[in-house]
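The values are calculated or read from the model by the stated rules, or taken from the named source; none is laboratory data. Note that the structure is a prediction, hence the values are computed from the model and not measured. Cβ sites come from the backbone with ideal geometry, for glycine too, and all protein chains shown count toward neighbours. Quick note on the areas: whole protein, heavy atoms, side chains included, nothing else; ligands and nucleic acids left out. Shrake-Rupley method; radii C 1.70, N 1.55, O 1.52, S 1.80 Å.
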Amino acid sequence: MNAPLPAQEPLRSPDEVMRLARMGAMFPTRLSFLRTLMRRLSAEKVVVTRPHWVMDAEGYGHGVYQLDLGGFTYSLVAVSNRLDPEQRTDRVIAEAWDAAFVLYDGVPDQGEIARICASAPLQEAGRFTPRDLVLSRANKSVRLFAHVTSALRDGTPVDAEMVAQIGYLMRTTAVYGNGKFGIADRNVIAERPGLDGPFMAEMLTVWLIRGFTHDLAEHVGGAALERNLKRHIGVGNSTGLGMAPFLVSHPELLNNWMMVRETALARVRALPRVDAGPVLELAARAARHLAQWQVPDAAHQARIERLREEWDSLRGGMAELLDQPKPLDQLVRASRAFGLDCQELVVSLVLEPYGEIIDGLTECMGMAAPVPLQPAMGVAQLRELIDLNFHWALPMDFDCDAGCAQFWYVSEEKLEPRLGARHEEPGAELESPLDIGRQVQALSFDLNDYDGTLAAFLRGFPQHRSAVRRVQRTASHPYAEIRDNLIGEDCRPIDMLRCKLSFFGASKFDPKSDRWTRITLAQGAPLHDELAAADDWWLPVFEP
């Protein structure tokens, strides 16, 4: 007999959750993909080996890392290149990088290693095979890499403040999966234990890259990094507009991620009593993490400072809240007196100590079969769904300049999503269909004179097929749609980026504009030989 499901409070409404401003305030949780992967590696007692290390004194050459997971063997082939300083850029149009990586399906022989070493540094200009599961590249944080290697050579202390400030020796500028540039399609690994969850192969690649950056610095420096220091050095990442449309073009997946997060929150809010000690300790850790989060952008730094103040204020009354019935529900309710950043940090906090009742939900975060169009549905029923789930779109003015100020398109040069200014730039005729609110509003208008079934309606208005399907999907996938105008002048793509990156497990968001950000991944995560203790690195704090 199956155990009864844990009690839960009502889920937060999609009208509250699926707004860009709130999505842009999300923090990583124990449900994030990197955390889930680390638990899996720990449960399987995975051992990482390094069977090949062919590197000259300056750190140029290649290495291979190997592990067994879920009955399969995977290898990361890492290639370190000499890069002229003027070629170093985080932009996707770059053609050379400090390092390139391939996550390989199996154990590569010398011929395969040679092929990868020749192709990986070329990235999209290279030639790849279905044995190549993930393709990535990275650039050094030149300042920190040079400092760390110099300190190791000289036997002097590594500057802990610099490590805390930067947090990574290299930052990736892309981690490609899912068949891009000829590598393996997702269906090759979709059913494999350990890689069946969303972005698991990419997260495994990132974690192995992190270990490579440690090894490379120690090799060049000729000495070992202190373990606590090394643990705090993660992998940086530069992420831009290319990632933003993913959440719109994968609505079922977005729904599953958000539904799991909201269900987990509802479960912990229903707990009648909790031990306040772990929650208060984690709240103190979060305060220290916020104190170490510094960014150059003045506006975002001011936002961080406001969050620090609000967090301190909330912590002042936290012990009393945690002594009440349904204490975590009380804490979530109390957070509503503060800004969205503080509210979403509370969500992350209250999930952290209760893995026993929420970790299993991560099995529901993958992609199920897409919801098909239902042409037999009545027009009246579709109108009801529009009124229920797209009421936010109906009053929007898409005819004014502000309401349609931007348009999404795919660049011809790099085949990457971009965002244009409709009234200032050419190309709007090539617009990508991310204007969901406008599409549904137009659908609603054309439905006014129709009854009967959608099959008859769509014969006359086939242009509405996509919008009809999106409306129908919300009947079973309430969190599938971002409930904001994605072509309006107020749309900030960075909010979509932060939402997705928080599910990856990113922290230390460092926005460079409203269209791209730097982050840190795997900071505080277990090292390659520390997987026995894999699950206590939420919002890590560097304490040398």
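Scan segment 1-35 for residues that are closer than 21 Å to GLU363 by Cα, hydroxyl-bearing (Ser, Thr, Tyr) and surrounded by fewer than 22 Cβ atoms within 10 Å (Cβ to Cβ) and jot them down.
Matches in segment 1-35: none.
Taking the condition of being basic (Lys, Arg) and crowded, with 23+ Cβ neighbours inside 10 Å, how many residues in segment 128-141 meet it?
2
With the structure loaded, tell me whether ASN255 is crowded, with 21+ Cβ neighbours inside 10 Å, touching a residue at least 60 places away in the same chain (Cβ under 8 Å) and not in a helix (DSSP H, G or I) or whether it fails that test.
no
Determine whether segment 422-441 contains at least one residue that is closer than 19 Å to PRO372 by Cβ, surrounded by fewer than 17 Cβ atoms within 10 Å (Cβ to Cβ), touching a residue at least 40 places away in the same chain (Cβ under 8 Å) and of a type in the set (A, V, I, L, M, F, W, C).
Looking through segment 422-441, none of the residues is closer than 19 Å to PRO372 by Cβ, surrounded by fewer than 17 Cβ atoms within 10 Å (Cβ to Cβ), touching a residue at least 40 places away in the same chain (Cβ under 8 Å) and of a type in the set (A, V, I, L, M, F, W, C).
Would you point out the residue of segment 443-489, among those that are within 10 Å of VAL379 (Cβ to Cβ), touching a Phe, Trp or Tyr at 6+ places or on another chain (Cβ under 8 Å) and open to solvent by 30 Å² or more (accessible area, probe 1.4 Å), that is modelled with the lowest pLDDT?
Ranking the qualifying residues of segment 443-489, first place goes to TYR450.
Regarding segment 258-276, can at least one residue be identified that is at pLDDT below 95, open to solvent by 40 Å² or more (accessible area, probe 1.4 Å) and not basic (Lys, Arg)?
no
I need every pair where a residue in segment 397-412 that is in contact (Cβ under 8 Å) with a residue 40 or more places away in the chain has its Cβ under 8 Å from the Cβ of a residue that is exposed (fewer than 14 other Cβ atoms within 10 Å of the Cβ) and aliphatic (A, V, I, L, M), sequence separation at least 6 or different chains.
Between residues of segment 397-412 that are in contact (Cβ under 8 Å) with a residue 40 or more places away in the chain and residues that are exposed (fewer than 14 other Cβ atoms within 10 Å of the Cβ) and aliphatic (A, V, I, L, M), the close pairs are ALA405/ALA421; GLN406/ALA421.
To keep it simple, each residue is scored yes or no on (1) over 15 Å from the mean Cα position of the chain (by Cα); (2) over 30 Å from LYS140 (Cβ atoms).
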residue: SER249; (1), (2): yes, yes
residue: ASN255; (1), (2): no, yes
residue: THR263; (1), (2): yes, yes
residue: ARG288; (1), (2): yes, no
residue: GLN292; (1), (2): yes, no
residue: ASP297; (1), (2): yes, no
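Report yes if ALA114 is of a type in the set (Gly, Ala, Ser) and open to solvent by less than 50 Å² (accessible area, probe 1.4 Å), otherwise no.
no
Being under 14 Å from LEU241 (Cα atoms) and either out of contact with any strand residue (DSSP E or B) (no Cβ under 6 Å at 6 or more places or on another chain) or part of a loop (DSSP other than H, G, I, E, B) (or both) is the filter here; which residues of segment 499-538 pass it?
CYS499, LYS500, LYS512, SER513, ASP514, ARG515, TRP516
Would you check which residues across segment 494-543 are open to solvent by 40 Å² or more (accessible area, probe 1.4 Å), closer than 28 Å to ASP484 by Cα and either under 15 Å from the mean Cα position of the chain (by Cα) or not polar (S, T, N, Q) (or both) and list them?
Answer for segment 494-543, where residues must be open to solvent by 40 Å² or more (accessible area, probe 1.4 Å), closer than 28 Å to ASP484 by Cα and either under 15 Å from the mean Cα position of the chain (by Cα) or not polar (S, T, N, Q) (or both): LYS512, ASP514, ARG515, TRP516, ARG518.
Inside segment 142-157, can you point out the residues that are in contact (Cβ under 8 Å) with a residue 24 or more places away in the chain and either buried (at least 22 other Cβ atoms within 10 Å of the Cβ) or of a type in the set (Asp, Glu) (or both)?
Hits for segment 142-157 are LEU144, PHE145, VAL148, THR149.
Among the residues of segment 225-244, which ones are surrounded by fewer than 21 Cβ atoms within 10 Å (Cβ to Cβ), outside any strand (DSSP E or B) and of a type in the set (Gly, Ala, Ser)?
Residue satisfying the conditions is GLY242 alone.
How many residues does segment 158-214 hold that are more than 21 Å from THR129 (Cβ to Cβ), of a type in the set (A, V, I, L, M) and open to solvent by less than 10 Å² (accessible area, probe 1.4 Å)?
5
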